[in-house]
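Data block below; observations after.
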Amino acid sequence: MKVMKFGGTSVGTPERIKNVCKLITKSGEPTFVVLSAMSGTTNSLVEITDYLYKKNQEGASEIINRLEEKYIKVANELLTTEASKQKAQDFLKSEFEYLHSFTKDFFTSFEEKAIVGQGEIISTNLAADYLEEQGIKVVLLNALDFMRTDKNGEPDLQYIKQKLSECMTANPDYQIYLTQGFICRNAYGEVDNLQRGGSDYTASLIGAAIQAEEIQIWTDIDGMHNNDPRFVEHTEAVRQLNFEEAAELAYFGAKILHPTCVQPAKYAGIPVRLKNTMDPEAEGTIIDNVSVRGKIKAVAAKGNITAIKIKSSRMLGAAGFMRKVFDIFESYQTSIDMITTSEVGVSMSIDNTSHLTEIVDELKKYGTVTVDSDMCIICVVGDLDWSNVGFETIATDAMKDIPVRMISYGGSNYNISFLIREADKKKALQNLNRVVFHQ
């Protein structure tokens, strides 16, 4: 069985929902489908919660009413029989009455998560109605019945596998198993969501739990590209990546995929294929455990980076200095992207500056601190194992006329990273594209 996940743009209109339904039923084989909310819906739901936090029930009700009108129109365009339309309207009436029930004086963060997850509830119900109208044997499984995180906020893999198995055993012989992405329950049974990767994470977790033959992530572009098409012309889709390469690219700027969402698939040995809903025949990108030796695959860029350097003679030969530095970042829950060291200094980059002032104040206890903002990480990804002589030279040659603040190489066999000024990003990406892919 394959798992197919479709993002918000892919189900953004009634016509696109119909196209998705054609794709998932084309093979005639049992398929597990994960849907996101229709594009724009989650933003509206977040706006509702914002009004509720501000105790503006009137403002929240206005957005709810506007969203209800939109979905009544979607249902009428999507469905053709009166019975199907009536079923959808009854569901929507109940759904929006539920949203209106939150317009009260007291509002909590867990109620916020319940509201934000309703977009997926709506999209899957409407898709199920359409599939039933087309004579497809479909069952709608509630993700809240099997998708759960543990006390650390991480997916509870054993619970997911057990409960999902029970759900499928209780519903045998369906062609389409349909569920919501993004939403889950936490360890205490409260409605929550999968923060990292959202619906992609849901698809990967389901694929691992049911031992799917393949997990397909359908978006509006034809796979992961070898460079950023916003800055470089004539980029190409990368046809194959291993999981480590895909994670590096995702972490350092490739927006098509979240870096952690494919981990369950990686550990289960299940390939992940990135496909284009707008061009279903395009080959896309396959992500698996296969490594292609001696090949640079792609370049990515991550902006809004801040570099911090701490310099101290006390670091020279001193045990425990680095631990003290890292403890400061940990205490403020700020992760480090890149790090380089010398005998008397250490440089780090971060993308979360919410506690920058406090971090710098703490670091000043141990040395002289310098901060550079408006920086960017350029990441070159491929089989960059040190035994492949010359790959680092190719990358550094492309950067020869770009001022480089830091270089990180050797922490992974799959990337070499450069920290540069944000203003130089476009030139760096274009230079790398020319030197790496077109010489």
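The values are calculated or read from the model by the stated rules, or taken from the named source; none is laboratory data. Remember, predicted model here, so these are calculated numbers, not experimental data. Using ideal geometry, Cβ is built from the backbone for each residue, glycine included, and neighbour counts are taken over all protein chains shown. Note: accessible area is taken over every heavy atom of the protein model, side chains too, but ligands, DNA and RNA are not part of it. Shrake-Rupley method; radii C 1.70, N 1.55, O 1.52, S 1.80 Å.
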_Potential extension, GLN57-GLN195 segment - 0.36 nm per residue separation minus Cα distance_ = 47.0 nm
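Antiparallel DSSP bridges in the chain: what percent, to the nearest 5? List each step's numbers first, then the result.
On the way: 41 of 68 bridges.
Taking every DSSP beta bridge within the chain, about 60 percent pair in antiparallel fashion.
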*Label assignment, P(r) over Cα pairs in 10 Å bins from 0, in percent derived from the structure, set [x] 4, 21, 30, 27, 14, 3, 0; [y] 4, 19, 25, 25, 17, 8, 2, 0; [z] 5, 23, 33, 26, 11, 3, 0, 0*: [y]
*What order do you get for 137-150, 199-212 when each peptide is scored by the mean count of other beta carbon atoms within 10 Å, highest first?*
199-212, 137-150
_Separation of the GLU392 and GLU29 label points, Cα + 7 Å toward Cβ, nm_ = 4.5
*Using a 1.4 Å probe on the protein chains only, how many percent of the accessible area of the chain belongs to carbon and sulfur?*
48
_If each DSSP helix of 4+ residues adds -39,500 (n - 2.57) and the sum is divided by the residues in the chain, what number results at 222 nm, nearest 500 deg cm²/dmol?_
-12000 deg cm²/dmol
*Restrict the search to region 146-222; then list the GluC sites (Glu not before Pro) that DSSP places in a loop and that have at most 12 other Cβ atoms within 10 Å of their Cβ.*
GLU213
*Using the beta-carbon distance between LYS137 and TYR267 and R0 = 45 Å, what value does 1/(1 + (r/R0)^6) give for FRET efficiency, to the nearest 0.05?*
0.90
*region 16-95-region 403-417 distance, computed between alpha-carbon centres (Å)*: 44
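Work out the FRET efficiency for PHE106 and LYS295 from their Cβ-Cβ distance, taking R0 = 45 Å, and round it to the nearest 0.05.
0.20
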*What distance in nm separates the simple spin-label points at MET322 and TYR188, each placed 7 Å from Cα in the Cβ direction?*
3.8
*Taking only protein heavy atoms into account and a 1.4 Å probe, give the accessible area per residue of region 270-421 in Å².*
48
*Quick one: if you stick a label point 7 Å off each Cα along the C-beta vector at LYS163 and ASP361, how many nm between them?*
4.2
*If you take the beta carbon distance between SER342 and ASP374 as r and set R0 to 25 Å, what does 1/(1 + (r/R0)^6) give as a FRET efficiency, to the nearest 0.05?*
0.55
*Between region 179-238 and region 107-143, what is the C-alpha centre distance in whole Å?*
18
*How far, in degrees from 0 to 90, does helix 14-25 lean away from the longest principal axis of the Cα atoms of the chain, to the nearest 10?*
90
